[in-house]
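> For reference, the structure I am asking about is given below.
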Number of protein chains: 2
Amino acid sequence: MKRKVAIGIDIGGTSTKYGAVDEFGQIHFQGRLSTAKFGDFETYVKVLTRNIQNELETGNQYMEVIGVGIGAPHGVRQRGTIEHASNLPWKGVLPLVSEMKACMGVDVTLTNDANAAAIGELIFGGAKDMKDFVMVTLGTGLGSAIFSNGKLVEGHDGFAGELGHVTFEHENGRYCRCGRRGCLETYVSATGIKRTIFKLLADHFDDSELRTISFDNLSTHMITESAKAGDVVALEAFRYTGQILGSKLAETIHHTNPEAIFLLGGLSQAGMFIFEPTKEHMERNVHPVFNQKVQLLASELEGASASILGAAALVWHSDKELLISV
Amino acid sequence: MKRKVAIGIDIGGTSTKYGAVDEFGQIHFQGRLSTAKFGDFETYVKVLTRNIQNELETGNQYMEVIGVGIGAPHGVRQRGTIEHASNLPWKGVLPLVSEMKACMGVDVTLTNDANAAAIGELIFGGAKDMKDFVMVTLGTGLGSAIFSNGKLVEGHDGFAGELGHVTFEHENGRYCRCGRRGCLETYVSATGIKRTIFKLLADHFDDSELRTISFDNLSTHMITESAKAGDVVALEAFRYTGQILGSKLAETIHHTNPEAIFLLGGLSQAGMFIFEPTKEHMERNVHPVFNQKVQLLASELEGASASILGAAALVWHSDKELLISV
């Protein structure tokens, strides 16, 4: 008997990851290709599909694909489209689901990357018994997803959970790729903390090993290592980032009163450097009824396969009515 | 045949309103009593119940009560309790549902006042065909309720929708009855705009007819009348209030992407004076995917009976699974 698998695909601005995941969260193969190098969307879909089918055919014939789940920035489940994603090479509205379906011959489900991560956390991670939780992904940008009453909050147009673009700084805020200024993700994300480091280096005299590194070469991992070594600039950058994130998560708590908020992605791997100031300022900014009630947790999906698990979970658990049909 | 009615009760800090509402939203009697004058909670419940039963017995014997719905600040449906409501005379956790049930002999449903208003809007008002909307009540404080996927968002502890206490001013904000500082409702509410008027009168030289009125005597209605007469202080107070409300509603939109946001209560009756700046700053602070997508509407329940309709709607539509059972 063939083993049933779901194909999980995570489309990011830089690269696309894909893999075959069984119902227990076991990954049977995985691969990646560049997203950025495909100027043409249709070519991208064809190459991606061919790569997956090659994996399925060569040496992996014991698998039966029951569906494809895709997480992508600005992926809208209701319409099966990616819409105006500023971090992807293709503009406008992209009919991803219909094109993938034509190529793969199975059901295809698309949602935005943070929603996929949240569903992954619910199915394979730390949110297994939770009905009300929030997922915050801290990558190039800041993505988020909200579960309420055991259902994903999608909103009237499918764009709920856009916390990366709540305004943090109303006057002269940092420029954002969305065309506005002061959005939360320009401060709180892998890119945001780099911008903070460069702002601190510009404003202060403090010695820092980070003065030797260019903007393009600087990574969250490096900032974390510097913080561990006691670098004052790195430490201050984490404190500042956590302060902002914590105060904004407090607003999220007032909206949906979750049981837990999960952090996922590079920045969350900085551990206590980001969790401590975030927790402190989250607690400081909530009404007393919420004090010490909401857990701030690291995603249990951390690691290279997290996003693939999340995307595949879309397929495995579509039958559980996590998603509301329209 | 007797006409079936639901008793709707709205418990406010100053007064309690009650009435009998049939399934079409027709009110068959209504009354009110002071909330503030009852130092003792049990006496309050007894007097309230007796008043209602007197109405039912004297001249209204054609009615059959099928249930009681109650909206109250910090009312928690799951536990049937009012918990730590800073605007009510009784402290701690109050077992309202069990006491009312014992007195009335029918099912009693409690939720917070903003949730009741939202359910009222859904059943009898402007949200009839909506699955995703937000209700904001602008009274003594600022209450709010969120519907998502056709269900009320209650949250893990039943406190979702506490937008009155998101922090607007992080440094040296206005004192709030919750014990914190800078909460949204200290700026945006009937009380909040009064505080703004007095701040403006303190900071500026401008002539204003409002200089002749004491804080205790000033009402939203007076501020609205002054604004209509071109009073610069009143106009500036509305502009400032709307700017804050609009920027915060933008954050709400990023969370749950509603189809509409309804404003209810005294401050919302100021019409364009509050709606125009609110709409302007709401649009300014949203990501482009939300631009001109979310309607900002006046509640269709405006008027003295709005809160009674909302509370009664809890009973009439408990069968429609608006509320998730725990």
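> Defining the label point at 7 Å along Cα→Cβ, can you sort the distances from B:Ala202 to the same site in each other copy, shortest first, in nm?
Inter-copy label distances (nm, one decimal, shortest first): 3.6.
> How shielded is A:171-178 by partner chains, expressed as the average number of their Cβ atoms within 10 Å of its Cβ atoms?
Across A:171-178, the average partner-chain Cβ count within 10 Å equals 1.
> Excluding the sites themselves, what is the longest stretch of chain B that contains no GluC sites (Glu not before Pro) in a DSSP loop with at most 11 other C-beta atoms within 10 Å? Walk me through the numbers before you get to the answer.
Working: sites that count: B:Glu171, B:Glu321.
That would be B:1-170.
> Taking amide H positions as placed in the peptide plane 1.01 Å from N, state which residues far from B:Ser15 in sequence (5 or more) or on other chains have amide H under 5 Å from it.
Residues meeting the criterion, in which the H sits 1.01 Å from N, are B:Thr35.
> Oh, and also: Let me test this: with uniform point scatterers at the alpha carbons of region B:124-279, what is the Debye-based log₁₀ I(q)/I(0) at q = 0.09, 0.12, 0.16, 0.19 1/Å?
Evaluating at q = 0.09, 0.12, 0.16, 0.19 Å⁻¹ gives log10 I(q)/I(0) of -0.30, -0.52, -0.88, -1.17.
> If you don't mind, there's one more thing I want to ask. Which pairs in the list A:Lys131/A:Lys279; A:Lys17/A:Lys128; A:Lys131/B:Lys194; A:Lys91/A:Lys194; A:Lys279/B:Lys37 are over 31 Å apart, alpha-carbon to alpha-carbon?
Details: A:Lys131/A:Lys279 21 Å; A:Lys17/A:Lys128 24 Å; A:Lys131/B:Lys194 40 Å; A:Lys91/A:Lys194 26 Å; A:Lys279/B:Lys37 41 Å.
Too far apart for the 31 Å limit: A:Lys131/B:Lys194; A:Lys279/B:Lys37.
> Suppose we look only past 43 Å in the calculated P(r) of the protein assembly as shown. What percent of the Cα-Cα pairs does that tail hold?
Percent of Cα pairs beyond 43 Å in the protein assembly as shown: 28.
> Take the eigenvalues of the Cα gyration tensor for chain A, scale each by 5, and report the square roots as semi-axes in whole Å, largest first. Could you put the intermediate results ahead of the total?
Details: eigenvalues 222, 102, 68 Å².
One finds semi-axes of 33, 23, 18 Å for chain A.
> Leaving out ligands, DNA and RNA, what percent of the accessible area of the protein assembly as shown is carbon and sulfur, probe 1.4 Å? Before the final figure, lay out each step's value.
Values: 12860 of 26290 Å².
Of all accessible area on the protein assembly as shown, carbon and sulfur atoms account for 49 percent.
> Which residues of region A:248-290 end up with at least 50 Å² less accessible area in the presence of all protein chains than when their chain stands alone, using a 1.4 Å probe?
A:Glu251, A:His254, A:His255, A:Asn257, A:Asn285, A:His287, A:Val289
> Show me, for region B:83-91, the HN-Hα J-couplings you get by feeding each phi into the Karplus relation (A = 6.51, B = -1.76, C = 1.60, θ = phi - 60°), rounded to Hz, glycine and proline as x.
Ordered by residue, 3J(HN,Hα) equals 10, 6, 7, 6, 9, 10, x, 10, 9 Hz.
> Quick one: accessible area per residue over chain B, 1.4 Å probe, rounded to a whole number of Å²?
Counting only protein heavy atoms, the per-residue value for chain B is 40 Å².
> Hey, another quick one. Where both partners of a DSSP beta bridge lie in region A:130-298, what percent of those bridges are antiparallel, to the nearest 5?
Among the beta bridges of region A:130-298, antiparallel pairing accounts for roughly 55 percent.
> Using 0.36 nm per residue of separation minus the Cα-Cα distance, give me the extension gain between B:Asn291 and B:Val47 in nm, one decimal.
82.8 nm
> Separate question: In deg cm²/dmol, rounded to 500, what helix-only [θ] at 222 nm does the protein assembly as shown give when every DSSP H run of at least 4 residues adds -39500 (n - 2.57) and the total is split over its residues?
For the protein assembly as shown, the value works out to -11000 deg cm²/dmol.
> Test of the criteria: in region B:167-265, which chymotrypsin sites (Phe, Trp or Tyr not before Pro) are in a DSSP loop and have at most 16 other Cβ atoms within 10 angstrom of their Cβ?
Sites meeting the loop and neighbour criteria: B:Phe205, B:Phe215.
> Just grab the label-to-label distance for A:Phe198 and B:Met272, each label 7 Å out from Cα along the Cβ direction, in nm (one decimal).
Label at A:Phe198, label at B:Met272, 4.6 nm between them.
> Looking at chain A only, what percent of DSSP beta bridges run antiparallel? Nearest 5 please.
Antiparallel bridges make up about 55 percent of those DSSP assigns within chain A.
> Return the chain A residue and its Cβ-to-axis distance, rounded to the nearest Å, for the rotation relating A to B.
In chain A, the Cβ lying nearest the symmetry axis toward B is A:His255, 2.
> Looking at region B:226-277, what % of the alpha carbon pairs are farther apart than 12 Å?
Distances greater than 12 Å cover 67 percent of the Cα pairs.
> Okay, next question. Please give the total accessible area that chains B and A bury against each other, computed with a 1.4 Å probe and expressed in Å² to the nearest 100.
The B and A chains share an interface burying roughly 3700 Å².
> Just how large is the dipole of the protein assembly as shown about the Cα centre, in debye to the nearest 20, putting +1 at every Lys and Arg Cβ and -1 at every Asp and Glu Cβ?
220 debye
> Would you mind finding the longest exposed-site-free stretch of chain B, with exposed trypsin sites (Lys or Arg not before Pro) meaning DSSP loop and at most 14 other Cβ atoms within 10 Å?
Free of exposed loop sites, the longest segment is B:129-326.
> How big is the dipole moment of region A:130-298 about its Cα centre under a simple scheme where the beta carbon of each Lys and Arg is +1, that of each Asp and Glu is -1, and everything else is neutral? Debye, nearest 20, please.
Here the size comes out at about 240 debye.
> With both partners inside region B:1-128, how many of the DSSP beta bridges are antiparallel, as a percent to the nearest 5?
Percentage antiparallel, nearest 5: 55.
> Here's something else I'd like to know. Would you kindly derive the ³J(HN,Hα) couplings of region A:223-231 from the backbone phi angles with the Karplus curve 6.51 cos²θ - 1.76 cosθ + 1.60 (θ = phi - 60°), listing them in order in whole Hz, with x for Gly and Pro?
Computed from phi, the couplings for region A:223-231 are 5, 4, 4, 5, 4, 4, 7, x, 4 Hz.
> Let me ask something additional. Taking B:Thr14 in one copy and the same position in all the others, each labelled 7 Å out along Cα→Cβ, what are the pairwise distances from the first, in nm, shortest first?
5.9
> With +1 on each Lys and Arg Cβ and -1 on each Asp and Glu Cβ, how big is the dipole of chain A about its Cα centre, in debye rounded to the nearest 20?
Using only the charged Cβ atoms, the result is roughly 440 debye.
> For B:141-149, what's the mean count of beta carbons from other chains sitting within 10 Å of each residue's beta carbon?
Mean partner-chain Cβ count within 10 Å for B:141-149: 3.
> In addition: Can you tell which of A:Gln26, A:Val65, A:Gln269 lies farthest toward the positive end of the dipole of chain A, using +1 and -1 charges on the Cβ of basic and acidic side chains (Lys, Arg; Asp, Glu)?
Of the listed residues, the answer is A:Val65.
> Further question: Roughly how many nanometres apart are two label points built 7 Å out from the Cα toward the Cβ at A:Lys91 and A:Glu300?
Here the modelled spin labels are 4.4 nm apart.
> Given H placed on each backbone N at 1.01 Å, which residues far from A:Gly126 in sequence or on other chains put an amide H within less than 5 Å of it?
Under 5 Å from the amide H of A:Gly126: A:Glu300, A:Leu301.
> In addition: If the label for A:Trp90 sits 7 angstrom from Cα along the Cα-to-Cβ line, what are its distances to the same label in every other copy, in nm to one decimal, shortest first?
6.1
> Suppose each label sits 7 Å from its Cα in the direction of the beta carbon; what would the B:Asp206-B:Gln26 distance come out to in nanometres?
Result: 4.9 nm between the two label points.
> Follow-up question, since we're still on this one. Along the Cα-to-C-beta direction of B:Phe215, a point sits 7 Å from the Cα; which residues of region B:143-182 have their amide N less than 17 Å from that point?
B:173-182, by backbone N distance to the label point.
The values are calculated or read from the model by the stated rules, or taken from the named source; none is laboratory data. Computed from a predicted model, the values in this text were never measured in an experiment. Here Cβ is always computed from backbone atoms with ideal geometry, including for glycine, and neighbour counts include all displayed protein chains. Remember, those area values only see protein heavy atoms, side chains included, never the ligands or the DNA or RNA. Shrake-Rupley method; radii C 1.70, N 1.55, O 1.52, S 1.80 Å.
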